[in-house]
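Peer 1: This is the structure I want to talk about, given as structure tokens.
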Amino acid sequence: MIFNGIDIEIERKPIKNLHLAVYPPDGRVHISVPIDYDDERIRMYILQKWIWIEEKREMLLSYNRLPERQYISGETHYFKGTKYRLKVNRHTSGAYSVHIDGDYIVVDVHQDTSSDNIRQTLYSWYKTQTLPIFGRLVLKWQEILGVVPARWEVRQMTSRWGSCSQSKGVLLFNIELAKKSIECIEYVVAHEMTHLIERNHTDRFRRQMDIHLSSWQKIRTKLNEYPI
Ligand SMILES: [Zn+2]
């Protein structure tokens with residue numbers, strides 16, 4: 001169930017009372033509910049607890065957040081799950097480019113460029129590097145799940161790794177995933193594509209994930225080791 005833009009896992013169980021939990025490190029919200037509770041009743045409950053949920057999430061997310069990047073030489077940056085050092089080469093002329101050299105992500109820029117421009121250069125490189133990976137994985141999961149998205153896109157997103165508009169069949173993937181391992185990228189692709197079959201994080205959703213990607217919970221923990 002999506003509530004105020006946050007994915008909330010609903011698990012129906014033979015229990016008497018609702019049980020709400022927000023888990024580290026990513027502030028994942030999980031609610032166990034008695035089997036006979038309908039969505040409206042769950043929504044009312046979430047609404048009542050909303051301030052608590054937000055505070056708890058904010059607290060958990062702040063623990064693991066990496067410090068704000070400055071895009072200067074020597075800084076740590078991740079690409080496909082591997083840790084690199086950034087090397088910024090400033091030139092009087094020449095095109096902006098990015099390449100990997102050993103343990104370094106090397107960014108060539110104009111001497112007067114701002115850190116914001118360096119960031120943009122790096123992110124457009126992330127995008128060209130990862131688009132084929134997403135393309136390959138979307139095709140792979142089309143075969144596995146037997147569903148075809150109308151469209152998919154990789155873009156900057158502030159609070160989620162991906163999203164799926166089931167009615168339009170549109171999938172969005174966060175460009176931040178370029179920093180994560182292929183395994184993590186695949187988990188997000190599989191997750192969002194499973195939403196084409198099942199809109200909410202229901203038992204049916206989890207069963208689908210269990211069948212096709214049995215280690216998804218482990219991968220999710222890895223993915224959220226450093227939240228967005
Ligand atoms: Zn989801």
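Peer 1: Determine ³J(HN,Hα), in whole Hz, for all residues of the range 30-42 in sequence, where each value follows from phi through the Karplus function 6.51 cos²θ - 1.76 cosθ + 1.60 and θ = phi - 60°; x replaces Gly and Pro.
Peer 2: 10, 10, 8, 10, x, 4, 8, 6, 8, 4, 4, 5, 5
Peer 1: Continuing with the same structure: Taking +1 at the Cβ of each Lys and Arg and -1 at the Cβ of each Asp and Glu, which of Val148, Trp216, Ser62 sits farthest along the dipole of the chain towards its positive end, judged by Cα position relative to the Cα centre?
Peer 2: Selected residue: Trp216.
Peer 1: Between Arg57, Arg136, Arg151, find the one with the highest GNM mean-square fluctuation for the chain; connect C-alpha pairs within less than 10 Å.
Peer 2: Arg151
Peer 1: For the charge dipole of the range 68-125, defined by +1 on Lys and Arg C-beta atoms and -1 on Asp and Glu C-beta atoms about the Cα centroid, which residue among Phe79, Thr121, Ile105 has the Cα displaced farthest towards the positive pole?
Peer 2: Result: Phe79.
Peer 1: List the lysines whose alpha-carbon lies under 19 Å from that of Lys16, not counting same-chain residues fewer than 8 positions away?
Peer 2: Cross-link targets: Lys49.
Peer 1: I'd like the Karplus ³J(HN,Hα) series for the range 179-189: coefficients 6.51, -1.76, 1.60, θ = phi - 60°, whole numbers in Hz, and an x wherever there's a Gly or Pro.
Peer 2: Here the 3J(HN,Hα) series is 7, 9, 5, 4, 4, 5, 4, 5, 4, 5, 4 Hz.
Peer 1: If the chain between Asp108 and Gln129 were fully stretched, how many nm would it gain, using 0.36 nm times the residue separation less the Cα-Cα distance?
Peer 2: Value of the extension gain: 5.9 nm.
Peer 1: OK, next. If you find the alpha carbon centre of the range 134-159 and of the range 20-46, how far apart are they in angstrom?
Peer 2: 27
Peer 1: Counting other C-beta atoms within 10 Å, which of Met193, Met209 has the fewest, and how do the rest follow?
Peer 2: Going from sparsest to densest Cβ surroundings: Met209, Met193.
Peer 1: May I ask you to list the lysines whose Cα is less than 22 Å away from that of Lys80, ignoring any residue fewer than eight positions away on the same chain?
Peer 2: Partners found: Lys127, Lys140, Lys179, Lys180, Lys218, Lys222.
Peer 1: Continuing with the same structure: Below 8 Å between Cα atoms, with a sequence gap of 6+, how large is the relative contact order for the chain in percent?
Peer 2: 18
Peer 1: Sequence neighbours fewer than 8 away in the same chain don't count; with that in mind, list the aspartates and glutamates whose C-alpha is under 18 Å from Lys56.
Peer 2: Within the straight-line limit of under 18 Å, Lys56 reaches these aspartates and glutamates: Asp7, Glu9, Asp26, Glu225.
Peer 1: Near the amide H of Val154, under 5 Å away, which other amide H atoms are found, from residues 5 or more places off or on another chain, if H is placed in the peptide plane?
Peer 2: Those lying under 5 Å, H to H, from Val154 are Phe173.
Peer 1: Compute the long axis of helix 115-145 from its Cα atoms, compare it with the longest principal axis of the Cα atoms of the chain, and write down the angle in degrees, 0 to 90, nearest 10.
Peer 2: Orientation of helix 115-145: about 50 degrees from the principal axis.
Peer 1: Quote to one decimal, in nm, the extra length available between Ile35 and Ala21 on full extension: 0.36 nm per residue of separation minus the C-alpha distance between them.
Peer 2: Contour length minus the Cα-Cα distance gives 3.3 nm.
Peer 1: Note the direction-averaged projected area, equal to a quarter of the hull surface, for the Cα convex hull of the chain, in nm².
Peer 2: Here the figure is 14.0 nm², rounded to one decimal.
Peer 1: For the chain, what does the helix formula give at 222 nm: sum of -39500 (n - 2.57) over DSSP H segments with n ≥ 4, over the residue count, nearest 500 deg cm²/dmol?
Peer 2: -13000 deg cm²/dmol
Peer 1: What is the range 1-122's relative contact order, in percent, from Cα pairs under 8 angstrom and six or more apart in sequence?
Peer 2: 15
Peer 1: Starting from the amide H of Gly81, placed 1.01 Å from N in the peptide plane, find each other amide H under 5 Å away whose residue is 5 or more places distant or on another chain.
Peer 2: Long-range HN contacts for Gly81: Lys180, Ser181.
Peer 1: Note down the nm distance, to one decimal, between modelled labels 7 Å out along Cα→Cβ at Asp101 and at Glu153.
Peer 2: According to this spin-label approximation, the distance is 3.6 nm.
Coordinate-derived values only; no laboratory data. Here the structure is a predicted model, which means the values were calculated and not measured. With ideal geometry, Cβ positions are generated from the backbone for all residues, glycine too; neighbour counts draw on all protein chains shown.
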